[in-house]
Each structure stands twice: as structure tokens, then as C-alpha cells.
Amino acid sequence: MQSIDIQMLPCYASTNKVGMEHITNIVNRVYASSEEGFWMHGAVRTTVAEMAEFTSCNEIAVARSMGEIVGCVRVRRIDQGIGEFGMLAVDDEYQGTGIGRELIRFAEQKCQKEQLRKMQLELLVPQEGSHPAKEILENWYTRIGYQPVHTETIDASFPKLAEMLAIPSKFVVFQKELR
């Protein structure tokens, strides 16, 4: 495997339209397959404008292999003691190589340096039944130390996303103590 370099994107990278499109496309491709059946036809997980906004707020970390961006994660503080990661995505040809784990480790270390005590993530799941990709993610998050702490409705957190759902869904919120 090639060496992987992970860094926060500088705020000014938000003006790089080609770069923002590349990252947005990775996220949308990954989520289209892992959330197949959740969304109405034509719905996309994120937009170039949203990704540029997150980047300008210094919330996007990217993984590079030989200079090319192959994955990303959004990292942010959500309150005094809690950090959160989301939009974790690794380009198809690099999946299963440990890049996702490294992006999470990077996010956790960043939050630890900021004196945060916990890390959080939200996993979109169907309100009833299960989804194969979500079961795999839930098992993986649990294996790396995350525990479900509560559920939230998507309507309250992300009303614009809720309108695009094809099936009733909820967020399972997971947290992990940072040491």
C-alpha cells in the first residue's frame, strides 16, 4: 500500500472548485452505495457549496496517496467537551486498505489536542428493519470503541435531508471516550 498523508485542508482550499468537486464526488459516490435505498432518486448527500463551507470553517481533513485526494472526513467541535466526525468517505479503489481507520484516528487525535473528552458520530439507519451496509458500519464502529448513546430523528437535525429520504430513517448517535 502507498503511504497515506492526512491533513486538514486549509480554509483557502474552499475556493478551489476542482478540489471541492473531487471531494464532493467521493462523498456522494460512497454514500450512494452505502445508503442505497435510503434516498429518493437523484438525491445527493452533499453539494460542492456545502463542502466549500465546511472547508472554509477548517472542518475537512483529507487523505492523500501520491498527492491525490483519496478520502476525507469532517471533524468539528460540537460543544465544550465533544468532537464529532462525519462524512467519512474513502474512494472506491482504496476501500479496505485502512484509510478510513486512519481518518478516524486523525479526527480523534485532533479533538484530543483540543482537550475534548469525547468523540461522536451519527449513523443513519432505517427506522424499521436493517440495512446490510449500516450493519457493517455499526459493527466496525463498535469494534473501534464507539457505543450507541441515543437516537435522533433526522427531521430535527437535518430537515433538508429528511425531505429527500425514501424510507423512514433515524440517526443512531455513537460516542467514544478520548484518552
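Per the Kirkwood treatment, what hydrodynamic radius in Å, one decimal, follows for the chain from the mean inverse distance over all distinct Cα pairs?
Evaluated on the chain, it is 16.7 Å.
Between residue 140 and residue 118, how high is the FRET efficiency from 1/(1 + (r/R0)^6) when r is the Cβ-Cβ distance and R₀ = 25 Å? Nearest 0.05.
Plugging the Cβ-Cβ distance into 1/(1 + (r/R0)^6) gives 0.85.
Going Cα to Cα from residue 134, which aspartates and glutamates come in below 15 Å? Please leave out same-chain ones fewer than 8 positions away.
The qualifying aspartates and glutamates are 35, 36, 122.
In Å², what does the accessible area per residue of region 20-179 work out to with a 1.4 Å probe?
On a per-residue basis, 52 Å².
Mind checking which helices in the chain clear 18 Å along their axis (Cα) and have mean Kyte-Doolittle hydropathy of -1.0 or more, DSSP H runs only?
17-34, 99-113
Straight distance only, please: which aspartates and glutamates reach the Cα of residue 160 with their own Cα at less than 14 Å, same-chain residues fewer than 8 apart left out?
50
Over the chain, what percent of the accessible surface lies on carbon and sulfur atoms, probe 1.4 Å?
50
Using a Gaussian network for the chain with springs between C-alpha atoms less than 10 Å apart, which of these wobbles most: 156, 61, 133?
Among 156, 61, 133, the largest mean-square fluctuation in the Gaussian network model of the chain belongs to 156.
Just tell me the longest site-free run in the chain, where the sites are GluC sites (Glu not before Pro) in a DSSP loop having at most 16 other beta-carbon atoms within 10 Å.
Result, exposed sites excluded: 37-113.
If we count every other residue with Cβ under 10 angstrom of residue 151's Cβ, Lys/Arg +1 and Asp/Glu -1, where does the sum land?
Net local charge, residue 151 excluded: -1.
The values are calculated or read from the model by the stated rules, or taken from the named source; none is laboratory data. The model shown is predicted, which means the values in this text are computed figures rather than measured ones. A quick note on method: Cβ atoms are made from the backbone with ideal geometry, for glycine too, and the neighbour counts reach across all protein chains shown. Calculation scope for accessible area: heavy atoms of the full protein, side chains included, ligands and nucleic acids excluded. Shrake-Rupley method; radii C 1.70, N 1.55, O 1.52, S 1.80 Å.
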